[in-house]
Amino acid sequence: MEPAERLEDLVAKCDKCIFVDKPFVKYQVYTRWLPDQVKVLAIGESPPPGFKNSLFYNLEGFDRFRLSMKLILGVKDDLGVLELLKSKNIFITAAVKCRPVDRFRINDMRKKCEYVLKTEIELLKPEKIIAMGRTAALTISRVLGVEIPESVNGIFVNEKDLRLYFVPHPNYVFRFKRDLAFRIKSLFLNKVTT
């Protein structure tokens, strides 16, 4: 079984949490958007909580995270941002794969979902990981056994066996730190290493 099918199956079979739905399965995120070779694995928080359809990979509805990534990457249309990422061997995943009932459950779900992220890293073997926001930073730090910076309001590097970067969540960048957008874009598109 290919990594995309293995990951989709892993998420589909997980029953560790109470959740609204499984958007990574529902929208076939792994089988449609996973590049053949992942150079950059970017980790976000979770699908937006509650009973809604917004998701980075659901082009049928508005998604704030996708809007923020369009700003950061300098892409004008929704499909364009997904196509750019795939063409550059970049995959955006989430620390929490299922849609939380509410935001208060995200931390508990994050802990229960660590094994999925660990499996993603083992199967995809990325050269670089970008943790976007506090939830992603906590999860990847536990999975890789590294320390996280006290704040993720800037760009921080922690190198171990691969390049690991901690950056603010794109929605935070969109609202408060647009001056970081170019540097984060450079991290995604492999233009800088620090």
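Could you please let me know if residue 116 is among the aliphatic types (A, V, I, L, M) and modelled with pLDDT of 95 or more? Yes.
Which one of these is among the hydrophobic types (A, V, I, L, M, F, W, C), closer than 29 Å to residue 163 by Cα and in contact with an Asp or Glu (Cβ under 7 Å, 6 or more places away or on another chain): 34, 55, 10?
Working: 34 fails: in contact with an Asp or Glu (Cβ under 7 Å, 6 or more places away or on another chain); 10 fails: in contact with an Asp or Glu (Cβ under 7 Å, 6 or more places away or on another chain).
Step by step, each of 34, 55, 10 is checked, and only 55 is among the hydrophobic types (A, V, I, L, M, F, W, C), closer than 29 Å to residue 163 by Cα and in contact with an Asp or Glu (Cβ under 7 Å, 6 or more places away or on another chain).
Of all residue pairs spaced 6 or more apart or on separate chains, those with beta-carbon atoms under 6 Å, a first member in the stretch 15-38 that is closer than 15 Å to residue 83 by Cα and a second member that is among the small types (Gly, Ala, Ser) are 30/4; 31/4; 34/4.
Pick out, from the stretch 94-147, the helices (runs of 4 or more DSSP H) lying fully within it that include 2 or more residues that are under 14 Å from the mean Cα position of the chain (by Cα) and surrounded by 20 or more Cβ atoms within 10 Å (Cβ to Cβ).
Correct list: 114-124, 134-144.
For the stretch 49-62, the criterion of being among the acidic types (Asp, Glu) and in contact with a helix residue (DSSP H, G or I) (Cβ under 9 Å, 6 or more places away or on another chain) is met by none of the residues. Go through the stretch 20-61 residue by residue and tally those that are polar (S, T, N, Q) and more than 16 Å from residue 101 (Cβ to Cβ). Final tally of qualifying residues: 4. Scanning the stretch 97-110 for residues that are over 16 Å from residue 24 (Cα atoms) and out of contact with any helix residue (DSSP H, G or I) (no Cβ under 8 Å at 6 or more places or on another chain) returns 102, 103, 104, 105, 108.
The values are calculated or read from the model by the stated rules, or taken from the named source; none is laboratory data. Predicted, not measured: the structure shown is a model, and the values here were computed from it. Note that each Cβ is placed from the backbone with ideal geometry, even for glycine, and that neighbours are counted across all protein chains shown.
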